[in-house]
Amino acid sequence: MAASQKLSHLLQLADQGPALRAALAEEVAELLTAWPSDYPDSMKGVCEALLAKAARDVDPATRARLRVQLYSVPDLADRVLPRESAGAALIQAARCGDGLPDALAQSLGVDDKMALQILDDETGAALAVACKGANIERAAFSALALLVRPGRDRAHAFAVLDAFDNVPMSEATRVLRNWREGQVAA
């Protein structure tokens, strides 16, 4: 099929709505991993954008299949199938006011009791160490710290951010590992 016909076909699939998103995503992923030599490179950008949009609308199982399909082109997979960050899930749980200890426990690999201890630390230092040790990005930590303790004054909020910034990654990772091992020993 000629490049223009193929692109037209893919765009028609995109117009069919959410029911065909998985088929569209898989077809575009296949095209991008085995790009025909007679197709113009300028069409790749359009196909990548189409795949990224379709991938947002598919279920997690389809996204996992797409990731496997794009395994041979890891840069493409990173661009069109970004992984949901742990920070986003934690922020969502904190905003809803429901399930934050469970979400934190799952993200950190600790039990619920340890997650509650981390959240109950009034200083915010335990949360800073935990988030840094779990590689949760600073912006997500900042939002999480504010949502966990919304009544903090500005000075305390900045102190919590400083705690996150000042703890070395190696130290935060060591502490988190000790928390994990401590619960196994108990």
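Tabulated results
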read-out	value
Accessible area (Å², per residue) of the chain, counting only protein heavy atoms and a probe of 1.4 Å	57 Å²
For mean projected area of the Cα convex hull in nm², calculated from these coordinates, the label among (i) 10.6; (ii) 13.9; (iii) 23.4	(ii)
Among Q117, Q16, Q106: highest mean-square fluctuation, GNM of the chain, C-alpha pairs under 10 Å	Q16
Relative contact order %, the chain, counting alpha carbon pairs below 8 Å whose residues are six or more apart	16 percent
Sulfur and carbon atoms: percent of accessible area, segment 43-186 [1.4 Å]	55 percent
Straight-distance crosslink candidates among lysines, where the alpha carbon sits under 16 Å from K44 and sequence neighbours closer than 8 are dropped	K6, K53
Length gained when the stretch D165-D59 is fully extended (0.36 nm per residue, less Cα-Cα span)	34.6 nm
Of A134, A49, A105, the one that fluctuates the most in a GNM where the chain has Cα springs shorter than 10 Å	A49
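The values are calculated or read from the model by the stated rules, or taken from the named source; none is laboratory data. The shown structure was predicted, so the numbers you read here are calculated from the model rather than taken from an experiment. For accessibility, only protein heavy atoms count, side chains too; no ligands or nucleic acids. Shrake-Rupley method; radii C 1.70, N 1.55, O 1.52, S 1.80 Å.
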